[in-house]
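This report refers to the structure that appears directly beneath it.
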Protein chains: 2
Amino acid sequence: MLAEERRFQIREILTAQRTVSASELCDQLKVTAATIRRDLAALEQEGVLVRSHGGAVSRMSSTNFQPTYDALLRSENEEKRQIARAAEQFVLDGDTIFLESSTTIFELARRLVHRHRLMVVTNSPTIVCELQRSAGVTVMCTGGDLMKDTFCLSGEWAQRALSEIRLDKAILGVSAIDPKYGISTAHHAEAQITRMVSRAAKTRIALADHTKFGRQRFAFVGPVKDIDILITDSGTDPDYINELRDAGLQVIVAGSAGVKSNESRIFTQQS
Amino acid sequence: MLAEERRFQIREILTAQRTVSASELCDQLKVTAATIRRDLAALEQEGVLVRSHGGAVSRMSSTNFQPTYDALLRSENEEKRQIARAAEQFVLDGDTIFLESSTTIFELARRLVHRHRLMVVTNSPTIVCELQRSAGVTVMCTGGDLMKDTFCLSGEWAQRALSEIRLDKAILGVSAIDPKYGISTAHHAEAQITRMVSRAAKTRIALADHTKFGRQRFAFVGPVKDIDILITDSGTDPDYINELRDAGLQVIVAGSAGVKSNESRIFTQQS
DNA sequence: GTTTAGGATTGAATCTTAGCGAATATTGCG
DNA sequence: CGCAATATTCGCTAAGATTCAATCCTAAAC
């Protein structure tokens, strides 16, 4: 049997039963453990499976782990969690909000699961799945073309949907922010969506950890002044923060206890 | 059992009941307390849970959780898998297909992950997430309002999207089929979507396990003649099958080996 | 058409490591 | 103080990594 054929079979088996033991595969494919291990290593390289002592687990099935295993792993990040926590206080019951596709915002979405009377519009399938289990949150999805690298929906259908709604708050995930150049992102399609969301919202809240500052990326989205509130972590250079405050933005530094809870409480009362 | 598998089970239990005692886990997973503790330590490291004396508490939110999608997937697995396998053979490279939201079709979607040159349109966020990782499958999502009980998108946005596309094949998940009454489903909104998908497709393929036969539900979708190919499992009453064949449908019984592979091969060559 | 060198793939042999359980010391909690 | 859960250590087993020789396929040279 050809190696490719064998690996295909392993995939098949994994799709059907989610996990296999190495010995089981030896048995079934009539090759030695060494070969199986080589195959598993190759398939792990391709991202098809995750190896574990004695066998492997499929990565391609979400029945495998919780809905978003990868997202869980990525959310290890303490900064993201703090930013999400700070952002949560801006979301009030009864609001209609938009959640962009980003890992930090996904973290926020998880925190919103037990809210009541909340309307969430999003272009992130991952967020839709996460909020699927929430009884109190009404969810709408923009639809559109799935971008494989950023896991967001964009294009014709997404634009059409966004052109006909109004939002209380737009939560934006910023991937590059430079006080002078403005906000930018990797793709035109994404930039387009962000602009439309911003236009539809009364208040624009951007989430950006310290790694996003001073960067410029391919597609220009808009000047920093388009943002009303920016939430970041304490690792951000104070110069950036001051510059943004001078530009009129309300900047929240998540994690630096006093300021955060204080400012956000004021805001909560205003609304 | 693989270590990863065991840890997955712990996650499952935690999602279901929010807390577990270590001894409970020992009991259920048939391993010693030492192993359980190691697992809990690992999962705590990953941020999945918080340990406390005698057990652990989930970090995932607690209140108002709907049953997880996984739980649904677990029911009647084998039949669904066989149906999905039979259906897979009708999906050819280069096709543009629609996948409705249903657990059986989700099973099919999982099998399509490795395909190349396939265009999938769907109203199921779960399927979008599943195909997110697939390099060879282009995915589009209709968007719309998320229905919490059926995990599908429907409504204005979904309809608009569907009104302007053409499909090679529509894969439909049927929740009630009666040879005389026709196809029906639980909600008007879903029925509407199914009708629009049918209209847009050149070929309509319906997936229905034996439990769906002879049932009638709230919203009428259309007569059985609207379907071109019906795939079911071997548990279905032959009377139903004959009646449908008389009505002009091509009926595939998944699992009954000969018929299945034979018929589908013929079909594959035709296309 | 045959031959032979090169590369790839597999299997066998060896050594290394990871995971589990058992025993013992330690820590919390009542 | 006593009980039960936890941490720690150690040894055993089985799985994994590594290396090397054998085989097979390919392709170029004769």
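Tabulated data
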{"read-out": "In the range B:37-56, residue farthest from the other protein chains (Cβ to nearest Cβ) [restricted to those that are near DNA strand D (Cβ under 8 Å from one of its atoms) and crowded, with 16+ Cβ neighbours inside 10 Å]", "value": "B:Gly55"}
{"read-out": "Hey, A:Phe65 modelled with pLDDT under 90, surrounded by 19 or more Cβ atoms within 10 Å (Cβ to Cβ) and among the aromatic types (Phe, Trp, Tyr) or not", "value": "yes"}
{"read-out": "A:Arg6 being more than 14 Å from chain B (Cβ to nearest Cβ) and within 11 Å of DNA strand D (Cβ to nearest atom)", "value": "no"}
{"read-out": "Residue under evaluation B:Leu92, criteria (1) surrounded by fewer than 18 Cβ atoms within 10 Å (Cβ to Cβ); (2) within 13 Å of chain A (Cβ to nearest Cβ); (3) at pLDDT 90 or above, criterion not met", "value": "(2)"}
{"read-out": "The range A:109-141, residues that are part of a helix (DSSP H, G or I), touching a Cys at 6+ places or on another chain (Cβ under 7 Å) and either of a type in the set (Phe, Trp, Tyr) or without any contact (Cβ under 8 Å) to a residue 40 or more places away in the chain (or both)", "value": "A:Pro125, A:Val128"}
{"read-out": "Listing of helices (runs of 4 or more DSSP H) fully contained in the range A:1-63 that carry 2 or more residues being within 13 Å of DNA strand C (Cβ to nearest atom) and closer than 19 Å to B:Arg85 by Cα", "value": "A:3-17"}
{"read-out": "Number of the condition not met by B:Thr103 [criteria: (1) in contact with an Asp or Glu (Cβ under 9 Å, 6 or more places away or on another chain); (2) within 9 Å of chain A (Cβ to nearest Cβ); (3) crowded, with 19+ Cβ neighbours inside 10 Å]", "value": "(2)"}
{"read-out": "Selection status of A:Thr150, under 22 Å from A:Thr126 (Cβ atoms) and either among the acidic types (Asp, Glu) or surrounded by fewer than 21 Cβ atoms within 10 Å (Cβ to Cβ) (or both)", "value": "yes"}
{"read-out": "Flag for A:Thr122 being closer than 18 Å to B:Thr138 by Cβ and within 14 Å of the chain's Cα centre (by Cα)", "value": "no"}
{"read-out": "Residue in the range B:10-36 that is farthest from the other protein chains (Cβ to nearest Cβ), counting only those that are away from DNA strand D (no atom under 13 Å from the Cβ) and exposed (fewer than 15 other Cβ atoms within 10 Å of the Cβ)", "value": "B:Gln28"}
{"read-out": "Subset tally (residues that are under 18 Å from B:His187 (Cβ atoms) and either of a type in the set (D, E, K, R) or more than 8 Å from every other protein chain (Cβ to nearest Cβ) (or both)) for the range B:121-154", "value": "10"}
{"read-out": "Subset of the range B:164-181 [within 20 Å of A:Gly143 (Cα to Cα) and either within 11 Å of another protein chain (Cβ to nearest Cβ) or of a type in the set (Phe, Trp, Tyr) (or both)]", "value": "B:Glu164, B:Ile165"}
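The values are calculated or read from the model by the stated rules, or taken from the named source; none is laboratory data. Remember, it's a predicted structure, so these values are computed and weren't measured experimentally. A quick note on method: Cβ atoms are made from the backbone with ideal geometry, for glycine too, and the neighbour counts reach across all protein chains shown.
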